[in-house]
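Nothing in this text is a laboratory measurement; each read-out follows from the coordinates by a stated rule. As the structure is a computational prediction, the values presented were derived from the model and not from experiment. As a convention, Cβ positions derive from the backbone with ideal geometry for all residues, glycine included, and neighbour counts pool all protein chains shown.
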């Protein structure tokens with residue numbers, strides 16, 4: 001089986017993996033930058049790309065040793081080409097091209113979002129998906145920068161069914177966490193704080209939830225939360241943090257589950273997937289599993305390590321495109 005070195009540096013996580021076209025992950029290591037960005041309450045692009053330039057090559061060496069491979073054992077190099085932070089992408093692309101030239105290997109730049117859509121079908125020693133991709137599926141990709149519903153017809157064949165008209169769900173989580181001074185990364189903090197809260201205590205708006213179309217909006221939810229937090233005052237907010245988080249989270253999850261359910265019904269499909277950084281949210285995962293049982297759906301949700309930005313998903317989609325579509329990028 002051909003093995004591919006994959007590099008992911010689209011945002012603030014530096015990740016390297018060895019993957020094949022069956023989705024098998026031979027090795028993967030990632031370095032997060034949460035500590036570097038936490039003082040600023042969000043990702044600082046210049047810090048992100050400088051850190052990538054420090055972490056990336058040592059990670060490549062480390063992953064080859066971990067997989068017990070040498071460059072001559074590889075069949076190609078895959079890297080995230082778009083979308084993402086420009087400086088971060090450049091570090092990954094230049095490194096991948098340089099290694100490909102040095103090692104005389106084919107090279108391919110791929111779309112980060114397409115990688116997410118195939119992440120649920122990755123495999124390793126401790127995870128195998130419930131089913132392999134078997135034709136048209138509904139895909140919900142949710143992250144800090146993107147929230148979209150897709151009809152996945154096959155490799156390279158996707159139709160956007162609906163997307164957010166403003167803020168992404170992950171961005172709404174992060175901004176809400178900042179209002180409550182929960183720290184960074186915000187989405188994870190809201191998820192953890194929600195466990196002890198009453199999700200029905202505060203009635204946040206659920207924009208367009210009753211509309212038949214599959215578009216979404218989260219900016220009004222964010223504005224509503226800001227007004228509520230300002231009105232409660234610092235002391236009351238401190239006491240109500242868990243309830244606020246649980247209620248805010250439930251509003252986002254309600255919209256996402258409602259839209260996904262409508263997509264299954266509209267296209268008469270039973271197979272689907274959840275992916276992206278926000279797919280790590282425990283309440284969202286639970287609600288989608290409940291929907292699956294209720295409607296007899298086969299929905300694949302990747303383990304947490306494949307939810308967030310990772311090189312394994314980049315390597316997988318790259319390996320598929322190289323082997324099945326014969327693609328490669330110019331060096």
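Considering Cα pairs under 8 angstrom that are at least six residues apart, work out the relative contact order of the range 137-301 and quote it in whole percent.
28
Quickly work out the residue 286-to-residue 331 label distance, labels modelled 7 Å from Cα along the C-beta direction, and quote it in nm with one decimal.
If labels sit at residue 331 and residue 286, their model points lie 5.2 nm apart.
Based only on the alpha carbon positions, what is the Kirkwood hydrodynamic radius of the range 176-331, in angstrom?
17.6
How large is the convex hull of the C-alpha atoms of the range 1-110 per residue, in Å³?
93
Using a Förster radius of 41 Å, what is the FRET efficiency between residue 32 and residue 75 based on their Cβ-Cβ separation? Nearest 0.05, please.
FRET efficiency, residue 32 to residue 75: 0.90.
Assuming R0 = 51 Å, can you tell me the calculated FRET efficiency for the pair residue 153 and residue 230, based on Cβ-Cβ distance, to the nearest 0.05?
Calculated transfer efficiency: 0.65.
For the range 285-331 and the range 159-215, compute the distance between their C-alpha centroids and round to whole Å.
About 22 Å separates the Cα centre of the range 285-331 from the one of the range 159-215.
Roughly what would the spin-label model give for residue 239 and residue 203, points 7 Å off Cα along C-beta, in nm?
So the two model labels end up 2.2 nm from each other.
How far is helix 282-295 tilted, in degrees, relative to the longest principal axis of the Cα atoms in the chain, given as a value from 0 to 90 rounded to the nearest 10?
90
Pairs of alpha-carbon atoms within less than 8 angstrom and 6+ residues apart define the contacts here; what relative contact order does the chain have, in percent?
After rounding, I find 24 percent.
Using a Förster distance of 41 angstrom, determine the FRET efficiency expected from the C-beta separation of residue 181 and residue 125, and round it to 0.05.
Working: r = 40 Å, r/R0 = 0.97.
Result of the calculation: an efficiency of 0.55.
Taking neighbour Cβ counts within 10 Å as the exposure measure, how do 12, 20 sort from fewest upward?
Values: 12 25, 20 19.
The order, fewest Cβ neighbours first, is 20, 12.
Looking at the square roots a ≥ b ≥ c of the eigenvalues of the Cα gyration tensor of the range 240-314, which shape do they give, rounded for a/c under 1.5, prolate if a/b is larger than b/c, or oblate?
Details: a/c = 2.21, a/b = 1.12, b/c = 1.97.
Oblate shape, in that a/c is at least 1.5 and b/c is the bigger or equal ratio.
7 Å from Cα along Cα→Cβ at both residue 268 and residue 295: what's the point-to-point distance in nm?
The two pseudo-label positions are separated by 1.5 nm.
What is the percent of Cα-Cα separations in the range 211-256 that go past 17 Å?
Working: 401 of 1035 pairs.
For the range 211-256, the fraction of Cα-Cα distances above 17 Å is 39 percent.
Per residue of the chain, what 222 nm ellipticity follows from adding -39500 (n - 2.57) for every DSSP H run with n ≥ 4, rounded to the nearest 500?
Working: 11 runs with 151 residues, N = 331.
Value at 222 nm, helices only, nearest 500: -14500 deg cm²/dmol.
For helix 45-66, report the angle its Cα long axis makes with the longest principal axis of the Cα atoms of the chain; keep it between 0 and 90° and round to the nearest 10°.
50
Helix 219-232 against the longest principal axis of the chain: what's the angle in degrees, Cα atoms only, rounded to the nearest 10?
Approximately 50 degrees, to the nearest 10.
Starting from the Cα coordinates of the chain, work out the convex hull volume and express it per residue in Å³.
It is 129 Å³ per residue.
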